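Take a look at the structure below.
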Amino acid sequence: MTSSYEATRAWAEAADRQDPLRDYRERFLIPPHDDGQTLYFCGNSLGLEPREVREAVNSELDYWGELGVEGHFKGRQPWLSYNEYVREHLAELVGAESGEVVAMNTLSVNLHLLMVSFYRPDATRHKILIEGGAFPTDRYAVESQIRFHGFDPAESLIELAPDEANGTLSMQAIEQALDEHGPSTALVLLPGVQYRTGQAFDLETITRKAHAKGCMVGFDLAHAVGNVPLALHDSGPDFAVWCHYKYVNSGPGAVGGAFVHARHAHSDRPRFAGWWGHDKATRFQMGPHFDPTPGAEGWQLSNPPILAMVPLRVSLQMFHQAGMKTLREKSLRLTGYLEWLVDSQLSDTLEVLTPREPSRRGAQLSIRVLDGRERGRALFDHLVGQGIIGDWREPDVIRISPAPMYNRFQDCLGFCEAVKAWREGP
Ligand SMILES: *Cc1c(COP(=O)(O)O)cnc(C)c1O
């Protein structure tokens, strides 16, 4: 496949014409730059706005204006059941049963809520295993949970040091850590795709090996959902959490997602309760005794923020229509093209850090700028000035994520040409 790539406009435009998802780009607002459009590679941070969102939000505003409180029961999609309008597509996106997923809160909040239930340390089993260099919120969350239970992070927080050249983790390193710490580990919490390196993890194997040691398993799928195919039910973790504003394009601060495996659907583990998690059949009897609704929805606290649920509903519909399989096929080819361009055209300036095996990554390539931070920063600023939007990670890494829903082969070529022009100087 590699040999079929070419670094020419003609090749890239032909590849875009043959793209089965080519019409999706039109359904997004692409941020403008000068007289044209940005080359937007930041879907790993904030996905673009689907055009349909504005009208869909306005329509709920209209219902509110026309119906007031009756909007809970009337209108095309009564607010009372709003969660159910996203549930099926959400389950499809993450490979879960519909009772295993819920859209609620935001990622950090969901991580805490599920750790309340699935991190239950005792004197022999009190550790949490995470990857070294984890996203700050994950580290803060686990550290604070450890302290909350009266343990000391110095003993109970195990951070797996990367053992591969570019800061990635081998399965062997995870196995070794499980051999060493498994019996004293209460929770293994790893990413689906690591935010910094772009490494994708084998969720099924990690879960199997961690369960074999008696650990609970949770995943942070912030960079995985909508990016790589997921089969959460079959992979079998106890829980997972994610956000929807990255690859799922549901807007800044979008409502997050959570998965609780069916084996815990009727769990009597401790949980923090709220009225929206109460058995739906009797919720409005307003009794004093909390009786959780089965499945992930039983972890809800509040009634959902309808105006924030709308973009999620619209985006999930688009993922349902496009299909994760087709998106992934394009993504493999699109990111493969970007990788090929960097290797074949820019290797004196840039170096790909993300794993080379397509099965070990999603859309994102983390690209190191050779010759240090200053030069890297200068290149990054130059790209932004040209309307090429990636993001910068200290000390010398640019993350470029061609999202298959709206990015084109010619976008990747545009990035390559801009780096070449900068390298050759004014
Ligand atoms: C984006 C991201 C978050 C963001 O957390 P919020 O609670 O949504 O602000 C957390 N963890 C990881 C790994 C992320 O990539």
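Since every read-out is calculated from the coordinates, none of them should be taken as a lab result. Keep in mind it's a predicted model, so treat the numbers as computed, not measured. Reconstructed Cβ throughout: ideal geometry from the backbone, glycine too, with neighbour counts over all protein chains shown.
For the reader, a short list of remarks on this structure follows.
- Normalised size of region 77-320, defined as Cα radius of gyration per 2.2 N^0.38 Å with N residues, equals 0.99.
- Annotation for region 359-418: chymotrypsin sites (Phe, Trp or Tyr not before Pro) lying in DSSP loop with at most 13 further Cβ atoms inside 10 Å of their Cβ do not exist.
- Debye intensity ratio in log₁₀ form over the Cα atoms of region 115-179, taken at each q of 0.26 Å⁻¹: -1.15
- When its C-alpha radius of gyration is set against 2.2 N^0.38 Å (N residues), the chain gives a value of 1.02.
- Cα centroid separation - region 373-412 against region 10-63, whole Å: 18 Å
- Folded to 0 to 90 degrees: helix 409-424 orientation relative to the chain principal axis, Cα: 50 degrees
- Length added when fully stretched, Asp62-Gln317, from 0.36 nm per residue minus Cα-Cα: 89.6 nm
- The local environment of Glu297, defined by Cβ-Cβ distances under 15 Å, has a net charge of -2 under the rule Lys, Arg +1 and Asp, Glu -1.
- Annotation for region 153-182: GluC sites (Glu not before Pro) lying in DSSP loop with at most 15 further Cβ atoms inside 10 Å of their Cβ are Glu164.
- Considering only alpha-carbon pairs that sit under 8 angstrom and 6 or more positions apart, the relative contact order computed for region 77-320 is 26 percent.
- Computed over the chain, relative contact order equals 23 percent, with contacts defined as Cα pairs under 8 Å that lie 6+ residues apart.
- Dipole of region 77-320 computed with +1 at Lys/Arg Cβ and -1 at Asp/Glu Cβ about the Cα centre; of Gly198, Ser302, Tyr245, farthest Cα towards the positive end is Ser302.
- For Lys246, the lysines whose Cα comes closer than 19 Å to its Cα, not counting residues fewer than 8 places off in the same chain, are Lys325, Lys330.
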